[in-house]
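S.K.: Structure in structure tokens, see below.
What follows is calculated from the coordinates using simple rules that are stated; it is not laboratory data. Predicted model, so just to flag it, every value in this text is computed and none were measured. Backbone-built Cβ (ideal geometry, glycine too); neighbour counts: all protein chains shown.
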Amino acid sequence: MPRRRSTVSTDSINIEHHFILFRYILSLLGFSSFMELKNFIQSHILDVTPTFETTNQTPTYYATTLCKKLSDTPLSLYSISITEDDIFRYDSNILNYLKKINQKRQIPINLKYYQYLAILFTEIYFDLLKNKPDEFINSLNNFANSTFTFDRKTMNKLAYFMATGSGKTIIAHINYHQFHHYKLFEPDCILFITPNEGLSKQHHEELINSNHPAILYSESGLTNTDKVLIIEITKFTEVKKGSGLSITPDSFEGRKLIFVDEGHKGQSSEERKWKSYRDQLAENGFVFEYSATFAQILNPSEAPDIFEEYCKSIIFDYSYKYFYYDGYGKDFSIINIQNPREIQADLFTDIMFVGNLLTFYEQLLIFENNKSLAVKYNLEKPLWIFVGSTVTASSQKEFSDILTVVILLSKFVSEPNWALNLIEIILNAKTGLRNPFGEDIFENSFLLLPAIYHSTNREEFYHNLLKTVFNGPGPLRLFEIKNAEGEIALKTGDNSYFALINIGNVAEFKKLLTKSNFTIESDIISPSLFDSIKSKSSTINILIGSKKFIEGWDTWRVSSIGLLYVGKSQGPQIIQLFGRGVRLLGENNSLKRSNNPQIKPLETLKIYGIKSDYLVKFLEAIKKEEIELEPISVPIKPQHEDKWNDLKIIKLETPKFYHDEFIDISKNSSVSVTLNLLPRTTVGISTSTRDTITIETMSNTPEYDDYLLDLSPYINLFNWQRIYTELLSYKLEHNYWNINFTIDSLKNILSKGAKSSSDNNFCYKLYVLPEVKNLTTYSDIIRLEDIAILLLKKYISALYKIQVKEYESKNATVKNLTDINPLSIFESTLNAYIQTVYVKKETNLLSYLNRIHNIVNDTNVLLTNSPYDPTLPRIIFHESLFLPLLLYTRDLTHIEYMNPTGLNEGERDFLLKLIDYLKNPSIDLSNYEIYVLRNYPRSGIGFLIQTSEKFYPDFIIWIKPKSSIYPQAIVFADPKSGYFLSEEKINLALSIKDIEKTINSQGYHITLESFIIIVDNSSSPIPDKNLINLNQINLIFEKVIPKLNKIDSQP
């Protein structure tokens, strides 16, 4: 069959939309985009800060969170589905991989949520490719819908689009174990290909730390092929010449496992050659590739084959925009000039240079004035770097950009009037250079300097700047560092060195300097200054050099960048440079911004360009990363605060559970679990929920009895010491401190497997393929033993959650709403709570941005009910405890992201129906007060259910008498599509009564109710179970008010 060409439009392409494999696996987990998945995890993980860090964060924590979504998601429309049992199995594998790479580490690796997801997506891919390849490929092609075509031959590569600093190395190390676990084939050799020797050395060190057998090609040649061989792509050649280390791709025989780190340079001829080498090596093998720069090379019109290849192989996208949205790395500020050609080019360069210098000066002052905060947030002394690609003059260009910087530095220290005149217009924002909003580019750009400048005389300001940045006044002097290669140091007078030039060809550059009347002196004493830049004792404030710094330079100091020459097709280098610049160690090594206003300039990378076209090219590359977002702060107004102390909440805390409750697994026989290890495929489309399919349809139907496996006949074949050790580790990893089991009690559980669908007395139902029961080799027994471990882990987890749930119900207490601060989910400032919306900074959206700003800045407009406003949709109603309630509907607005997330359409429709009902109620409410609170996960009230950690109904409704606090009803309402129903959430209407009984035994008069509101026509209501539709809002009040009246009438 002829190869099908992709049918991708090149107009305004959003490459993320074409990552078919990535989007397919997202869909299997119940998500339509990574942003949706990210927001879901952010809003559902317990004990988590806005930066996603948790106090008890283990990989399984993320798995459990994902299972909440699976339990609410219909079976996939594309034939294959992922079950909670699958997630449980994958998670167990991931824990084992993590143990392996941590075995020799003094400080163990803890996976970030996105690292866990990247590994999980790979697990799903390999499991399907290994065990159901035909169904997997057919399902993928159905999902792709003719955009691309997948076949077995093209399923030999996985690519990871991940930001610089996001931990691609850890992903690679675990990918190694994943490949060997699923055994697609036995590789004849394993190669790790890097762009340069510096990165090869870094990877070698990291692989050894992760307990991988690894060796550098430069040290070994082709020996030790049983180890991971680390080699630079530059070592490959088409024809071997001489006795050097160059090598042809065909020197490596057999089937190869290949890892490629940052294989894209952005220069088309070189890239095509390198890609050819990689393709030769990958033939009949498997490739893992990692890059932060895919957005720069993927263009369907310029390179359709490359575009298709990576759109089909990118399995995970955590590109810089997601890295940035999650708070990782520094913030950034790029000078965006609307009218650069309205002033002379030389004046533009002067303004950019001095503006950059002033920005850096302010960063140094803030660092010196906040040393204790700098220590707390792991901030190092700022460093100003100039980076470009030109290191010598060409026939068309007499001076290189580096020479231009040297001339400007010399001019600044020797011509104070010139310097002060530029300082004056920059700090007063009167440069004549404007941004797209018509403002001077330096308007509101500085935190301290304008006030300092206007409170001191000009000469004193200038002198202090020289002392801080240049280590003192004096004429510029240049020294060649003889004990280092490619280093020229700069100082003023007899002061210590303040700057360093690091270039490849010192001799040629010295000619340029001499031609420009600079004298180069010799320093035969100092060692390399570049090697000590990271030292706290370094006096170097400015580093000037070529783009060699882009790849593999390891420093946290960079705070300001002056762009030198930026050539064509250098998008990948720009993004690598940018990624190096925004690196941030952060508080407790979190890699995150603190958002502390005192040190914000130190956590912000400032980017300038000495020529306007350099900035244009830089901005073009950054635009492809889709990270230019305008954050808009929407003030959130608390309502009815005088009533908060009267409104009661239930507290379901378990701080003493570990001490009060001892769980003996042998004395708890009421628990039963189902583990389904059958390949998950469906015929056609189902609208049933996963709970219905996996429990009712399978577990209780005799036709599935052939797949049931009772493990009791195999108990004596197992290595019980191994099983016991694994489960002890599982207990510790999940903080199940107070659960106790022995080998005998574990054996007892395995002896009680269901033998048929009619069994009523069992601990587990286990579904497997018939061939699993055929034990012909020792590995078959090990496989069954692994299944037993998986089953026992699930049993222990289920038992523990049931015990915690019972403890919560028995120990529930009542608090005032003021005790929890219902608005703690919002960012808090001195004067207000803030909800932040993010909109793309694009020229065609300027009027949209202005409309949002106008709404936000006018309280009367902001607090006008406008649920369908195409600019900033919001709901305003009297009963809400805060206003406005923003809606997040990307189809209606240009809002990309919202923190915390806004209401969805189902929640909007419920509130609008509730508002309408309260205007014309079916029952007399005149004596009652009604209040409504959006119940955010993490900050609100959640209920433990067995299939997941916590269920947070979307809204809390209080109904209380106007004249008194009691009796009081607390109603939990959760609007939901009927496709996403789960039995446990519906049953909260029953189990919540156990909590009601507990709290009322303490002397309260509180009624608790839980309602699920179906917001579409996908399922029928069951009013008796408090399962109602949007047209039955009246049932909430018709059920609650009589109860309150009855309590109120009691003596």
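S.K.: To the nearest 10 degrees, how steeply does helix 59-70 sit against the main Cα axis of the chain, on a 0 to 90 scale?
M.R.: With both axes taken from Cα atoms, the answer is about 60 degrees.
S.K.: Something else now. Once you charge only the Cβ atoms, +1 for Lys and Arg and -1 for Asp and Glu, what is the size of the charge dipole of region 692-811 about its Cα centre, to the nearest 20 debye?
M.R.: Dipole of region 692-811, to the nearest 20 debye: 420 debye.
S.K.: Students often get this wrong, so check it: of K235/K511; K38/K648; K511/K606; K381/K511; K643/K913, which have C-alpha atoms separated by over 30 Å?
M.R.: K235/K511; K38/K648; K511/K606; K381/K511, as the Cα separations exceed 30 Å there.
S.K.: Aspartates and glutamates near K997 by alpha-carbon distance under 18 Å, same-chain residues fewer than 8 away left out - which ones?
M.R.: Within the straight-line limit of under 18 Å, K997 reaches these aspartates and glutamates: E653, E806, E808, E1009, D1048.
S.K.: Which of the residue pairs K132/K312; K765/K801; K747/K805 have a Cα-Cα distance greater than 22 Å in the structure shown?
M.R.: K747/K805
S.K.: Starting from the Cα gyration tensor of region 825-928, take the square roots of the eigenvalues, sort them a ≥ b ≥ c, and report rounded, prolate or oblate (rounded when a/c is under 1.5, otherwise prolate if a/b is larger than b/c, else oblate).
M.R.: prolate
S.K.: Need the full-extension length gain, D664 to K240, defined as separation in residues times 0.36 nm minus the C-alpha distance. One decimal, nm.
M.R.: My answer for the length gained is 145.8 nm.
S.K.: Take every DSSP beta bridge with both residues inside region 818-1049 and express the antiparallel ones as a percent of the total, to the nearest 5.
M.R.: 65 percent
S.K.: Could you work out how much longer the chain between E36 and K411 gets when fully extended? Use 0.36 nm per residue separation minus the Cα distance between them, nm to one decimal.
M.R.: Length gained, E36 through K411: 129.7 nm.
S.K.: Any idea what angle helix 168-182 forms with the longest principal axis of the chain, computed on alpha-carbon atoms, 0 to 90 degrees, nearest 10?
M.R.: Helix 168-182 sits at roughly 50 degrees to that axis.
S.K.: Also: Just want the ordering: D346, D317, D974, from fewest to most Cβ atoms lying within 10 Å of their own Cβ.
M.R.: D346, D974, D317
S.K.: Determine which aspartates and glutamates satisfy two conditions relative to K667: a Cα distance under 13 Å, and not lying fewer than 8 residues away in the same chain.
M.R.: List returned: D744.
S.K.: For the chain, what relative contact order do you get, as a whole percent, if you take Cα pairs closer than 8 Å and at least 6 residues apart?
M.R.: Relative contact order for the chain comes out at 11 percent.
S.K.: Restricting to the chain, what percent of DSSP beta bridges are antiparallel, rounded to 5?
M.R.: Here the share of antiparallel DSSP bridges comes out near 40 percent.
S.K.: Put a dot 7 Å past each Cα toward the Cβ at K1043 and K841; how far apart are the dots in nm?
M.R.: 5.3 nm
S.K.: Once you sort the root eigenvalues of the Cα gyration tensor of region 331-624 as a ≥ b ≥ c, which label holds: rounded (a/c under 1.5), prolate (a/b larger than b/c) or oblate (the other case)?
M.R.: rounded
S.K.: Taking 45 Å as R0, compute the FRET efficiency from the Cβ-Cβ separation of L447 and I524 and round it to 0.05.
M.R.: 0.55
S.K.: Mind giving me the FRET efficiency for N850 and D613? R0 is 22 Å, r the Cβ-Cβ distance, nearest 0.05 is fine.
M.R.: 0.15
S.K.: Counting pairwise Cα distances across the chain, what percent come out greater than 44 angstrom?
M.R.: Within the chain, distances greater than 44 Å cover 43 percent of Cα pairs.
S.K.: Computed FRET efficiency, Cβ-Cβ of N505 and K273, R0 22 Å: what is it to the nearest 0.05?
M.R.: After rounding, the FRET efficiency stands at 0.35.
S.K.: Taking the number of other C-beta atoms within 10 Å as the exposure measure, put M162, M35, M898, M352 in order starting with the fewest.
M.R.: Ascending Cβ contact count within 10 Å gives the list M35, M898, M162, M352.
S.K.: Would you compute, from DSSP H runs of 4+ residues alone, the mean residue ellipticity of the chain at 222 nm, taking -39500 (n - 2.57) per run and dividing by the full residue count, rounded to the nearest 500?
M.R.: -11500 deg cm²/dmol
S.K.: Quick one: F19, F1011, F126, fewest Cβ neighbours within 10 Å first, how do they rank?
M.R.: Taking fewest neighbouring Cβ atoms as first place, the list is F126, F19, F1011.
S.K.: Follow-up question, since we're still on this one. Which of the pairs K240/K275; K810/K950; K794/K950 have their Cα atoms more than 21 Å apart in this structure?
M.R.: Violating the 21 Å Cα-Cα cut-off are zero pairs.
S.K.: A follow-up question, please. Full extension from N774 to L184: what is 0.36 nm times the residue separation minus their Cα-Cα distance, to one decimal in nm?
M.R.: My answer for the length gained is 210.2 nm.
S.K.: What is the antiparallel percent of DSSP beta bridges lying wholly in region 331-624, to the nearest 5?
M.R.: The antiparallel proportion sits near 30 percent.
S.K.: What angle, in degrees between 0 and 90 and rounded to the nearest 10, separates the Cα long axis of helix 345-369 from the longest principal axis of the Cα atoms of the chain?
M.R.: 60 degrees
S.K.: Can you give the local net charge around F762? Use residues other than it whose beta-carbon is closer than 10 angstrom to its beta-carbon, Lys and Arg +1, Asp and Glu -1.
M.R.: Net of charged neighbours comes to +1.
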